[in-house]
Each structure stands twice: as C-alpha cells, then as structure tokens.
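To start, the structure itself, in structure tokens.
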Amino acid sequence: MTTATRLEAGAPAPDFRLPDSSGAEHSLEDYRGRKVVLYFYPAAMTPGCTTEACDFRDNLNSLRSAGYQVIGVSKDEPAANAEFAEQEALNFPLLSDQDLSVHRAYGAYGEKSLYGKTVTGVIRSTFVIDEDGRVQLPLYNVKASGHVASLRKKLGVD
C-alpha cells in the first residue's frame, strides 16, 4: 500500500472532466472565476456520507452567498449518485470518478486507518479552490459530522 500524495495550499488544483448524476460532464475549468468547495466522499447513501452531504445541503445558501460552489465527488456510478441526490434532496452536483483518477490526483485515495487497521480506500477530503484554480485550503481525513461547520468557520462564512 502506498500513501497518497497530498496537495498543498497554493498548488494548482488538478483539472478533471467527470459526469454528474444526470450524465452531464463537469470540469474544473467550467468553474474558473468562481470559488469551489470540492469534497470527496467514500460512498453514496452510507451514514457518514449522508450526514456530510446533508450538512452541505443545509449550509449551501450561506456558502453560495459567500461565492462558493459546492461539488461532491465519489467513486459511485452516476445512477447511485442520482438516487442519493434525490433521496436526500441534494442541491449541488455529485460527480462520478469510477476509475479513481481524480481521487488520486487530489490525494483523496490511498492508505488510511479504519478501526485501527491500515486499509486502502477513499480518504474523506475537502478542497477549497480559488477563482484562479489554485488550492486555497486542502483538508484531509475530515470527519463527516461537524465538518461543514468547521469549514465555514475557517472560511469566515456566517
């Protein structure tokens, strides 16, 4: 097992082109000129990922008012993300990275500790990307619960 290479603040955010839950393609370039909160979650419709997604949903208006676009990324197929979005009334794009190439580019896939064991998998991570496509704030191994409140505090979003 290998440790994921982590992005540092100020680094260019790796571009991507991924389908959303309806199959429409999104790339980071599409969001140039806007601030983006890009978060990686392990699996749709699991308890922790549902908690995190619903926190983003419930705080989306304040994040948008501060100029941030929220985008979720998982290894789930688009149909699973569509079901997740519908089930939880999610109001932001969920992108599908089934080959994990974008996860790896962001350092959001690799070795992690799970219940005291070292395993390889998705590392719950969030990246704040500035208008120029640079990583402003890389956050790895975030907790599903309370993460959005902590992120808002770090960003000074009321």
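Here, each number is a calculation from the coordinates, and none is a lab measurement. Please read all numbers here as calculations on a predicted model, not as lab measurements. Cβ: placed from backbone, ideal geometry, glycine included. Neighbour counts: every protein chain shown.
As a proxy for reagent exposure, Leu114, Leu95, Leu18 were ordered by neighbouring Cβ count within 10 angstrom, fewest first; the result is Leu114, Leu18, Leu95. Here the Karplus relation 6.51 cos²θ - 1.76 cosθ + 1.60, evaluated at θ = phi - 60°, turns the backbone of region 59-76 into coupling constants of 10, 4, 4, 5, 5, 5, 4, 8, x, 9, 9, 9, 9, x, 9, 9, 7, 5 Hz, with x for every Gly and Pro. Residues whose amide H comes within less than 5 Å of that of Leu95, counting only those at least five positions distant or on another chain, are Gly72, Val73, Ser74 (H built at 1.01 Å from N in the peptide plane). For region 150-157, 3J(HN,Hα) computed residue by residue from phi via the Karplus equation (6.51, -1.76, 1.60; θ = phi - 60°) reads 5, 4, 4, 5, 4, 8, x, 9 Hz, glycine and proline entered as x.
Take the Cα of Val119, step 7 Å toward its Cβ, do the same at Asn61, and the gap between the two points is 3.8 nm. Each pair of Cα atoms in the chain enters the Kirkwood radius, and Stokes-Einstein at 20 °C and 1.002 mPa s then converts it into a translational diffusion coefficient of 138 µm²/s.
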